[in-house]
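Single-structure report; data block below.
Bear in mind these aren't lab numbers, they're just calculated from the coordinates by the rules spelled out. These numbers come from a predicted model, not from an experiment. Here the Cβ is made from the backbone with ideal geometry for all residues, glycine too, and neighbour counts use every protein chain on show.
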Amino acid sequence: MPHFELLLPPKQKEPAPLILILPILGQLLFFTDLWIERMIAHFFVRKGFAVAILRRDFFQYLPHHGIEQVGDYLSRTVKQARLALDELVQNPAVDTARIGSLGISFGGVLSVLLAAEEPRLKACVVALAGGNIPEIIVTSKDPLLSSYCRELLQGLRLNREEFVRELKKDFKEEPLKAAEKINPEKILMVIARFDHVVFPRYAMALRNALQKPKTIFVPLGHYFTILVMAYLNRQALAFFKQKFFPSPLKESLPAGKEASRTKNGSR
């Protein structure tokens with residue numbers, strides 16, 4: 001089975017820029033799996049982009065596999081994303097010079113981890129994600145993540161403080177570490193100010209680790225950010241267009257002339 005679902009723009013004549021959508025951790029209540037990812041994908045396809053949605057396994061706590069299974073799950077999913085890119089760049093319908101990623105929540109974490117290792121990504125949208133994975137796991141109010149946390153604590157016979165301390169030892173899949181390898185110019189973040197799934201302190205920690213990239217702050221919680229999804233789609237579209245198709249005029253103007261043009265308006 002392919003590692004992804006690929007959607008191509010209708011009546012496509014030339015290779016299209018590609019967006020790899022990295023999925024959320026689980027399935028939204030009352031919706032089919034990958035529902036929100038497909039909704040975003042169709043928006044970008046209508047705008048002339050090729051879109052691939054990564055298929056991922058659901059996390060399952062396995063007794064006798066130890067605490068390292070958390071990191072193993074993250075690294076395995078990132079590997080799946082890289083394998084998907086390997087296949088996608090062989091497709092003649094894809095413009096291999098213009099590839100980006102978009103991830104929400106868990107997908108945002110994946111987007112950071114992938115960007116740190118994958119030079120083929122020219123632009124990355126990181127939405128509702130954060131750094132310090134061990135603490136996010138034990139503090140999140142998300143029902144699914146909370147259930148994973150209970151399974152891990154019970155199975156490993158650890159309390160929350162012990163779990164955080166043990167997981168932080170040699171934890172290689174930490175986005176705060178991965179952020180050191182990433183050019184902030186190719187990142188657009190979205191942070192929900194009232195997020196109780198990934199608390200804002202963890203989102204801000206990731207933003208600081210990424211050297212404060214362009215960021216959209218929304219006055220909502222994690223789930224209710226879907227109410228402004230149309231706006232965020234448009235902002236992400238503008239970001240991808242800026243990174244994939246930079247203005248030759250802007251690049252060629254000296255700093256003083258560009259500042260004058262911006263101040264006085266286009267002529």
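Suppose we filter region 203-224 for residues that are assigned to a loop (DSSP other than H, G, I, E, B) and either buried (at least 18 other Cβ atoms within 10 Å of the Cβ) or of a type in the set (Gly, Ala, Ser) (or both); how many remain?
Total satisfying the criteria: 4.
Out of the residues in region 159-176 that are surrounded by 14 or more Cβ atoms within 10 Å (Cβ to Cβ) and touching a residue at least 60 places away in the same chain (Cβ under 8 Å), state the one that is nearest to ILE104 (Cα to Cα). Explain how you work it out, then say what you get.
Let us first name the residues in region 159-176 that are surrounded by 14 or more Cβ atoms within 10 Å (Cβ to Cβ), namely 160, 163-164, 166-167, 171, 173-176.
From what's left, touching a residue at least 60 places away in the same chain (Cβ under 8 Å): 163, 166-167, 171, 173, 175.
Numbers: PHE163: 25, GLU166: 27, LEU167: 23, PHE171: 22, GLU173: 17, PRO175: 14 Å.
Per the criteria, the residue is PRO175.
Spot the failing condition for LYS141; the list is (1) buried (at least 16 other Cβ atoms within 10 Å of the Cβ); (2) within 16 Å of TYR202 (Cα to Cα), and only one is missed.
LYS141 satisfies all of (1) buried (at least 16 other Cβ atoms within 10 Å of the Cβ); (2) within 16 Å of TYR202 (Cα to Cα) except (1).
I'd like the full set of residues that are farther than 24 Å from ASN233 by Cβ and of a type outside the set (Val, Ile, Thr), limited to region 92-140.
Result: PRO92, ALA116, GLU117, PRO119, GLY131, ASN132, PRO134, GLU135, SER140.
Restricting attention to region 177-202, which residues are under 25 Å from ALA238 (Cβ atoms), touching a residue at least 60 places away in the same chain (Cβ under 8 Å), assigned to a helix (DSSP H, G or I) and out of contact with any Lys or Arg (no Cβ under 7 Å at 6 or more places or on another chain)?
Result: ALA179, single match.
Looking at (1) at positive phi; (2) surrounded by 23 or more Cβ atoms within 10 Å (Cβ to Cβ), which one does VAL109 not meet, given that it meets all the others?
In the conditions (1) at positive phi; (2) surrounded by 23 or more Cβ atoms within 10 Å (Cβ to Cβ), VAL109 misses (1) alone.
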